[in-house]
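Scroll down for the structure; my scribbles are underneath it.
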Amino acid sequence: MILYHGTNMDFEVIDLSKSSPYKDFGRGFYLTDSRHQAEVMASKKTSLFRGSAVVQEYEFDETWLESSELKVMMFQSATREWAEFIFNNRNRKTHFQHDYDIVFGQIANDVVAYLLGRYEEGTMTIDELAEELEYRDLNNQYYFGTERAVKLLKRL
């Protein structure tokens, strides 16, 4: 499969230490299967940090998602478990960490961030949050969180 990474500067080597913490699935390298989504992300990063919008393409053998050699978490839809996982990763108070090599699931966009905020402040239960998220049309993201996982990506 082909995956895309939107950024504000081109690079050859993926450096996980340069990734921001408190993202949907934690500190890691994020890609999407939607070129358009990567283009949007590249534009956002360029607006925030300057540089030039770049969309990098990577080939990934998706059979690795079924391999017993990697620890993989797959969220097939925006479920309660997905919402809790994202909430825990974004929560700056708890410093939640996991040991997954790869995580697949939907991207938590601005609407999702707003709903997570409502959950955190206590004006929405986790079940209400999951119900709200169920009908959102969200793009997919792939998180590569370990060097072992990153080595499976082949730059095109």
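Structural remarks
- Among residues that are more than 15 Å from Q106 (Cβ to Cβ), open to solvent by 20 Å² or more (accessible area, probe 1.4 Å) and of a type outside the set (A, V, I, L, M), K71 is included.
- Boolean, Y4 is modelled with pLDDT of 95 or more, hydroxyl-bearing (S, T, Y) and open to solvent by 30 Å² or more (accessible area, probe 1.4 Å): yes
- Of the residues making up segment 40-56, just one is touching a strand residue (DSSP E or B) at 6+ places or on another chain (Cβ under 6 Å) and either acidic (D, E) or more than 18 Å from I107 (Cβ to Cβ) (or both), namely V54.
- Looking across segment 6-22, the residues that are under 20 Å from M73 (Cα atoms) and in contact with a strand residue (DSSP E or B) (Cβ under 7 Å, 6 or more places away or on another chain) come down to L16, S19.
- Considering residues of segment 76-111 that are more than 13 Å from the chain's Cα centre (by Cα) and among the hydroxyl-bearing types (S, T, Y) only, the residue surrounded by the fewest Cβ atoms within 10 Å (Cβ to Cβ): T94
- Candidates L156, L65, L129: the one that is at pLDDT below 80 and on the phi < 0 side of the Ramachandran plot is L129.
- Taken over segment 7-60, the residue count meeting the criterion of being small (G, A, S), open to solvent by 80 Å² or more (accessible area, probe 1.4 Å) and closer than 17 Å to V150 by Cβ is 1.
- Residue check, G117 of a type outside the set (V, I, T) and either modelled with pLDDT under 95 or in contact with a Pro (Cβ under 9 Å, 6 or more places away or on another chain) (or both): yes
- In segment 29-48, the residues that are closer than 26 Å to I102 by Cβ and in contact (Cβ under 8 Å) with a residue 40 or more places away in the chain: F29, Y30, L31, T32, D33, S34, Q37
- Taking segment 115-139 as the range and being open to solvent by 40 Å² or more (accessible area, probe 1.4 Å) and within 17 Å of the chain's Cα centre (by Cα) as the test, the residues that pass are R136, D137, N139.
The values are calculated or read from the model by the stated rules, or taken from the named source; none is laboratory data. Quick caveat, the model's predicted, so the values are computed rather than measured. Cβ coordinates were reconstructed from backbone atoms using ideal geometry, including for glycine residues, and neighbour counts include every protein chain displayed. What goes into the accessible areas is simple: the full protein's heavy atoms, side chains included, and nothing from ligands, DNA or RNA. Shrake-Rupley method; radii C 1.70, N 1.55, O 1.52, S 1.80 Å.
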